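See below for the structure under consideration.
The values are calculated or read from the model by the stated rules, or taken from the named source; none is laboratory data. On a predicted model such as this, the values are computed, not experimentally measured, just so you know. Cβ sites come from the backbone with ideal geometry, for glycine too, and all protein chains shown count toward neighbours.
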Amino acid sequence: MNITDLLALKPGELAGKILERRRLLAMALPDIEARMTDDADTLAPEVEKLRLERDTGSNKVAELKNGRNEAQKEARVLLQQTRVLREQLDEAGGLKSLDPKWAKEKLEEALEGIENKIEKQALSLIDERKLLAERKALLQKNEAWLEKRRKDNPEMSEYIESSRKMHKLFKLADKLHLEMLTYVEENEPIHAIFVEKRVELRNSMRQVERSRALIKQSKSAIAYWESAIENGLDNLLKNAKQVESGGGSSIRRRNAELPIATKPDGGEEE
């Protein structure tokens with residue numbers, strides 16, 4: 001019905017229309033509540049399964065990260081140790097068959113630069129993999145260099161041993177890091193789906209609660225309008241009749257805190 005039709009209705013007819021609408025709503029609400037409950041019941045185990053899968057992946061990432069951090073921590077100590085040993089060898093001189101690049105290409109500085117990027121910069125997974133591949137190539141190149149010098153330069157034995165331990169630890173750290181990145185990549189879509197489904201579940205549960213509240217309200221509203229129609233609408237029309245006879249409205253004005261202006265004839269001005 002449009003506004004004109006509504007205004008044309010007598011109070012008793014309007015009350016009957018309201019009661020009719022309340023009854024129709026009361027009939028529809030249980031089906032809505034049941035449908036929302038079914039949706040929530042379907043989503044709940046799905047969300048829990050996704051949460052467990054997400055958490056399993058997150059726990060694996062944390063485990064690998066701890067292992068990587070431990071290996072890196074030990075490797076960094078050896079990195080500083082090899083730097084000192086290298087400087088001592090440089091100062092001592094007299095080493096045999098050393099490549100001139102020894103003085104130019106310093107492994108420790110290159111490894112430290114990669115470590116700083118991995119630790120301090122916000123890198124994408126692709127960039128992290130590139131740095132790990134760069135370190136792997138650097139370590140392989142240095143291992144070959146060390147193997148060639150080991151026999152001809154016994155003075156380098158401590159440096160070579162320290163370097164090899166460092167290489168082993170960095171390789172372990174990188175292996176764990178790469179495995180961790182794989183789990184991170186696999187876990188990201190699972191987490192995204194979990195968040196999406198959790199929002200759907202929460203919305204369904206809110207709809208269930210709202211439907212139940214409306215069912216309860218509808219019962220009270222039906223009882224109210226049935227009683228009003230049965231006992232007459234005089235009490236409901238009391239305020240309307242008061243306004244018709246020139247009295248003030250009982251509706252609170254938006255600016256009720258302001259003083260009421262008076263018309264020249266003594267009436268109130270809204």
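Name every residue in segment 75-84 that is surrounded by 17 or more Cβ atoms within 10 Å (Cβ to Cβ) and more than 13 Å from Glu115 (Cβ to Cβ), in order of residue number.
Residues satisfying the conditions are Gln81, Thr82.
Can you tell me which of Ser162, Ser204 is part of a helix (DSSP H, G or I), closer than 29 Å to Leu64 by Cβ and of a type in the set (S, T, N, Q)? Reasoning before the result, please.
Values: Ser204 fails: closer than 29 Å to Leu64 by Cβ.
Answer to the selection: Ser162.
Provide a single number: the residues in segment 135-147 that are free of Cβ contacts under 8 Å to residues at least 24 places away in the same chain and either surrounded by 15 or more Cβ atoms within 10 Å (Cβ to Cβ) or over 47 Å from the mean Cα position of the chain (by Cα) (or both).
Qualifying residue count for the region: 2.
How many of the residues making up segment 33-58 are over 19 Å from the mean Cα position of the chain (by Cα) and of a type in the set (Ser, Thr, Tyr)?
Counting residues in segment 33-58 that are over 19 Å from the mean Cα position of the chain (by Cα) and of a type in the set (Ser, Thr, Tyr) gives 2.
Could you pull out the residue among Tyr183, Tyr224 that is hydroxyl-bearing (Ser, Thr, Tyr) and at pLDDT below 85?
Working: Tyr183 fails: at pLDDT below 85.
Being hydroxyl-bearing (Ser, Thr, Tyr) and at pLDDT below 85 holds for just one of Tyr183, Tyr224, which is Tyr224.
In a helix (DSSP H, G or I), modelled with pLDDT of 85 or more and farther than 29 Å from Trp225 by Cα: which single residue out of Arg35, Arg21, Arg54 fits that description? I'd like the intermediate steps shown before the answer.
Numbers: Arg35 fails: farther than 29 Å from Trp225 by Cα; Arg21 fails: farther than 29 Å from Trp225 by Cα.
The match here is Arg54.
Of the numbered conditions (1) free of Cβ contacts under 8 Å to residues at least 12 places away in the same chain; (2) closer than 18 Å to Glu128 by Cα; (3) basic (Lys, Arg), Lys171 fails exactly one; give the number of that condition.
Evaluating Lys171 over (1) free of Cβ contacts under 8 Å to residues at least 12 places away in the same chain; (2) closer than 18 Å to Glu128 by Cα; (3) basic (Lys, Arg) leaves (1) as the failure.
Report, ordered by the first and then the second residue, all pairs with beta carbons closer than 6 Å, sequence separation of six or more or different chains, a first member in segment 59-70 that is more than 15 Å from Ile118 (Cβ to Cβ), and a second member that is of a type in the set (Ser, Thr, Tyr) and in a helix (DSSP H, G or I).
Cβ pairs passing all conditions: Lys60/Tyr183; Val61/Tyr183.
What are the residues in segment 114-124 that are part of a helix (DSSP H, G or I) and surrounded by 12 or more Cβ atoms within 10 Å (Cβ to Cβ), if any?
Just the residues of segment 114-124 that are part of a helix (DSSP H, G or I), to begin with: 114-120.
If the condition is that a residue be part of a helix (DSSP H, G or I) and surrounded by 12 or more Cβ atoms within 10 Å (Cβ to Cβ), then Ile114, Glu115, Lys117, Ile118 are the ones that fit.
Applying the selection to segment 155-202, what residues are polar (S, T, N, Q) and either over 14 Å from Leu85 (Cβ atoms) or surrounded by 15 or more Cβ atoms within 10 Å (Cβ to Cβ) (or both)? Working first, answer last.
Residues of segment 155-202 polar (S, T, N, Q): 157, 162-163, 182, 187.
Answer for segment 155-202, where residues must be polar (S, T, N, Q) and either over 14 Å from Leu85 (Cβ atoms) or surrounded by 15 or more Cβ atoms within 10 Å (Cβ to Cβ) (or both): Ser162, Ser163, Thr182, Asn187.
Yes/no per residue for (1) touching a helix residue (DSSP H, G or I) at 6+ places or on another chain (Cβ under 7 Å); (2) under 30 Å from Lys60 (Cα atoms):
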position	(1), (2)
Lys148	no, no
His167	yes, yes
Lys175	no, yes
Glu196	no, yes
Met205	yes, no
Ser211	yes, no
Trp225	yes, no
